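The values are calculated or read from the model by the stated rules, or taken from the named source; none is laboratory data. These numbers were taken from a predicted model, which means no experiment stands behind them. Note: ideal-geometry Cβ built from the backbone for every residue, glycine included; neighbour counts use all protein chains shown.
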Amino acid sequence: MKTLKALLVLAFVGLAGTASAQFANSGSSASGSSIWTTVNTDGYNRVYVSYLPSTLKVDGLDGDDLGDLDDIRKLKGSFEIGYLRGIGLTQKVPLYLEVGGALQYRHSKADIEGLDFKVNMFSLNIPVSLAYRININDDFAIAPNFGFDFRINMTGKLKAEYDGKELIDMNLFKDETIEDEYGDSYKTEAWKRFQAGWHIGVGFDYKALHFGVNYGTDFNEITEDCKIATTSVRFGYNF
């Protein structure tokens, strides 16, 4: 994961820096035109689906510290379906504001000492990004981006079964009291409905097709000492 984040930062800084240099050079040319500075003032629309592996990051702990519990925090079965609008911000520089919305589904399951755990969560994510679109030729473009995510967590369930018998069925976003088989009760604190975070990534467009990779994490905790870190592998269609 550290390698992925480093590559995304290098892609963003390196590509944006190269594009800025090309833009400066093209400004002094006689023709004043360059594929690096082609701007689509009409903007663009995109529909997309993403594989969305996520992890509950626990402050002060890593996977080795959590032991068997490490499996339940890895939300591998996650994806999203979304739409965004790219809005040109200037007439000369290919800088775009991207805004949109996506329905996200996160899922994990784990077998911990015979207990079968399942987590399911639905969220509405509203991303806001700045993208610098570098047109390599008429068909191919690269667009590093950086931005913020505003997520509304709508539903979430935690279930646990043992030998086919349901022991836990709780709403993650509601204070509940759980009673175990020995008659002991435990109070749970509701997870937070609203979260904000950041993301960085790079997109590749070939004609109307889009492929992108992003990584980001939350600013605020979803529950005590826990934040969600997300990698996004995106496939889309521009129109």
Of the residues in segment 227-239 that are of a type in the set (Phe, Trp, Tyr) and in a strand (DSSP E or B), the one that is farthest from Ile81 (Cα to Cα) is Tyr237
Taking segment 108-164 and keeping residues within 30 Å of Thr41 (Cα to Cα), more than 20 Å from the chain's Cα centre (by Cα) and aromatic (Phe, Trp, Tyr) leaves Phe140
Residue pairs qualifying under the 8 Å Cβ cut-off, at least six apart or on distinct chains, with the first in segment 185-212 being on the phi > 0 side of the Ramachandran plot and the second being charged (D, E, K, R), are Lys207/Asp139
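Out of contact with any helix residue (DSSP H, G or I) (no Cβ under 6 Å at 6 or more places or on another chain) and under 24 Å from Ala208 (Cβ atoms), is that true of Val93?
It is true that Val93 is out of contact with any helix residue (DSSP H, G or I) (no Cβ under 6 Å at 6 or more places or on another chain) and under 24 Å from Ala208 (Cβ atoms).
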- Has segment 127-138 got any residue that is surrounded by 12 or more Cβ atoms within 10 Å (Cβ to Cβ), closer than 25 Å to Thr90 by Cβ and of a type in the set (Lys, Arg)? yes
Output for Cβ contacts, cut-off 7 Å, separation at least six or different chains, first residue surrounded by 17 or more Cβ atoms within 10 Å (Cβ to Cβ) in segment 217-231, second assigned to a loop (DSSP other than H, G, I, E, B) and among the aromatic types (Phe, Trp, Tyr), reads Ile222/Trp191
Picked from segment 98-126 (must be part of a strand (DSSP E or B) and among the charged types (D, E, K, R)), the residue surrounded by the fewest Cβ atoms within 10 Å (Cβ to Cβ) is Asp111
Counting only residues in segment 79-97 that are modelled with pLDDT of 95 or more and either within 23 Å of Asn171 (Cβ to Cβ) or basic (Lys, Arg) (or both), the one surrounded by the most Cβ atoms within 10 Å (Cβ to Cβ) is identified as Glu80
By residue number, the members of segment 214-239 that are among the aromatic types (Phe, Trp, Tyr) and more than 11 Å from Pro53 (Cα to Cα) are Phe219, Phe235, Tyr237, Phe239
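Only one of Ala160, Ala196, Ala190, Ala143 is out of contact with any Pro (no Cβ under 8 Å at 6 or more places or on another chain) and not in a strand (DSSP E or B). Can you tell me which? Give the derivation first.
On the way: Ala160 fails: not in a strand (DSSP E or B); Ala196 fails: not in a strand (DSSP E or B); Ala143 fails: not in a strand (DSSP E or B).
Of the residues listed, the single one that is out of contact with any Pro (no Cβ under 8 Å at 6 or more places or on another chain) and not in a strand (DSSP E or B) is Ala190.
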The residue that is nearest to Lys76 (Cα to Cα), considering only those in segment 214-226 that are in a strand (DSSP E or B) and over 13 Å from the mean Cα position of the chain (by Cα), is Cys226
